[in-house]
Amino acid sequence: MPCASQRAVAELLVPKIYAEMGAESAANEIRVYKGVHAVQVFFTKMFKQMSHGSNFDILGAGGEAFMSKIGRPGLYLERYDRTRIEKKISQRMLMYENQRDTDPAYTVRRYVETKYLPEHFRQPTATHVWPDRVSMLFFDDEPQVIEIKSAKMAESFRNYFEMLWKVSRG
């Protein structure tokens, strides 16, 4: 296992090598976070990076799955919201009709707007559309997030989200 100084040198050199080859570093564009702690670190990182007053959208918000897998033991959701609220970051969530009875601690929060899609729109992930990236949260036994840093992809997903937002019900 490399020591910290070796890792630091590698992190400095890899982007330079890619640049000399005329290619972008894939390591800077796609990341995978596995496990509850790693997923929590991802969300904390995203809120710290977001500017004051910005917003993001969630297609297929996890509801009870998020609460039981990521939000447990409950303290994480409070920290998640505290950071989000301090920066006045708003979020819009599209959930499914069968999730209407989800705990209001998840759906009725400050700077959060929730709408519902018919159940036949159901998907197995929660897709988060951030200002400059998209992330997909999978609620497996070991939850994981795939983060794709691409403003163009984020814009494409945002357009899709907007279309679904218009046909959903409050």
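Nothing in this text is a laboratory measurement; each read-out follows from the coordinates by a stated rule. Please read these numbers as outputs of a predicted model, since none were measured by experiment. For neighbour counting, all protein chains shown are included, and Cβ atoms are generated from backbone atoms with ideal geometry for every residue, glycine included.
Table for the structure above
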quantity	calculated
Theoretical gain in end-to-end length, Ala38 to Lys88 [0.36 nm per residue, Cα-Cα removed]	15.6 nm
Spatial separation of Cα centroids for the stretch 86-125 and the stretch 126-140, in angstrom	14 Å
Low-density loop cleavage sites - trypsin sites (Lys or Arg not before Pro) in the stretch 68-170, where at most 16 other Cβ are within 10 Å (DSSP)	Lys87, Lys88, Arg100, Arg110, Arg122
Distance in nm between pseudo-label sites at Arg100 and Glu142 (7 Å out along the Cβ direction from Cα)	3.9 nm
